[in-house]
1. Report every pair of residues separated by at least 6 positions or lying on different chains whose Cβ atoms are under 6 Å apart, first residue within region 116-135 and crowded, with 17+ Cβ neighbours inside 10 Å, second small (Gly, Ala, Ser) and outside any helix (DSSP H, G or I).
2. For Ala51, which of the numbered conditions (1) under 30 Å from Thr166 (Cβ atoms); (2) in contact (Cβ under 8 Å) with a residue 60 or more places away in the chain; (3) part of a helix (DSSP H, G or I) fails to hold?
3. List the strands (runs of 3 or more DSSP E) inside region 152-244, counting only whole elements, that have at least 1 residues being more than 30 Å from Gly105 (Cβ to Cβ) and aliphatic (A, V, I, L, M).
4. Could you pull out the residue among Leu70, Leu63 that is touching a Phe, Trp or Tyr at 6+ places or on another chain (Cβ under 8 Å), buried (at least 17 other Cβ atoms within 10 Å of the Cβ), more than 22 Å from Cys161 (Cα to Cα) and hydrophobic (A, V, I, L, M, F, W, C)?
5. Among residues belonging to region 21-36 that are among the aliphatic types (A, V, I, L, M), under 13 Å from Val234 (Cα atoms) and touching a Ser or Thr at 6+ places or on another chain (Cβ under 8 Å), point out the one that is surrounded by the fewest Cβ atoms within 10 Å (Cβ to Cβ).
6. Of Gly123, Gly138, Gly105, which residue is at pLDDT below 95 and over 18 Å from Trp244 (Cα atoms)?
7. Could you check region 37-52 and list, in sequence order, the residues that are surrounded by 15 or more Cβ atoms within 10 Å (Cβ to Cβ) and either of a type in the set (Phe, Trp, Tyr) or modelled with pLDDT of 95 or more (or both)?
Amino acid sequence: MQPPDYPRALRQISTLSARTRLADLTAQLARASGGKVLSGPFKDMILPTEASWSDGDASAKLLGVYEAELHAAVEAGLARKPDLIVNVGCAEGYYAVGLARRAQGARVVAFDIDEKAQEICRGSARTNGVAGPFEVRGLCQAADLRALVGTASSPLLVVDCEGYETTLLETAEPLAHCDLIVECHDFTDRNLTETLKGRFAGTHDIALVREGPRDPSAFPMLAKLSSFERWLMVCEWRPEVMHWLVLTSRRG
């Protein structure tokens, strides 16, 4: 008989304990903030109270530090006045609804294969009073994406689809006029990032943005928490150091 894997069991127990404590702290933060994002490009957005994926990284989103590495890319994308925003892998709608609030009048189409995520995203759009055309769909295939972007002159695409990136973004030419922010899940395919860079090298300016540090001590409302609890509040539970590709169209 194999002996118990005590290190693995201890990790599982400690992770469960940490997530239980994080749930309590997140509930306190939501009450203190009125359920609104406190900083960043989506400041004052009302977050859904439900999550479709784990806890939805709600504490980091409420603080406004979720994927903080992308704040500059989001602002740059908005500055180019997108008339269409497509979010593939929308989950609860953090990007789809957040961008819709900022790009008033732009058409927004959000995709997620999870029906619960679709429902929460629609509810978030209603709660946040998104005024422009807002649609939530299920699976997005390459042909769906091509058809969508063909209706717009300056689309902005935000893609987070757990390793499906190379299938969805199968060729760059139909997307030559699109700006893209793509989360790269290289732990599913170690050639993923290089494959995408090769495909888009002829049509886009390419920047690789790597996951960086957080400063949980920057928030006065966390000052009375322990160091461990403060770090929990900004943890995004990633399996390894992640990165994104920011692909800026050379459309001029």
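1. Within 6 Å, the pairs are Ala117/Ser52; Ala117/Ala91; Ile120/Ser52; Cys121/Gly93; Cys121/Ala110; Ser124/Gly93.
2. (3)
3. On the way: elements: 155-159, 179-184, 204-210.
Output list reads 204-210.
4. Just one listed residue meets the conditions, Leu63.
5. Of all residues in region 21-36, those among the aliphatic types (A, V, I, L, M) come to 22-23, 25, 27, 29-30, 32.
Filter once more, keeping what is under 13 Å from Val234 (Cα atoms): 22-23, 25, 29.
Add one more test, that the residue is touching a Ser or Thr at 6+ places or on another chain (Cβ under 8 Å), and what stays is 22, 25, 29.
On the way: Leu22: 18, Leu25: 16, Leu29: 19.
By that ranking, first place goes to Leu25.
6. Details: Gly123 fails: at pLDDT below 95; Gly138 fails: at pLDDT below 95.
From the options Gly123, Gly138, Gly105, the qualifying one is Gly105.
7. Val37, Leu38, Ser39, Gly40, Pro41, Phe42, Met45, Ile46, Leu47, Pro48
The values are calculated or read from the model by the stated rules, or taken from the named source; none is laboratory data. Every value quoted in this text rests on a predicted model; they were computed, and no experiment measured them. Ideal geometry is used to build each Cβ from the backbone, glycine not excepted, and the neighbour counts take in all protein chains shown.
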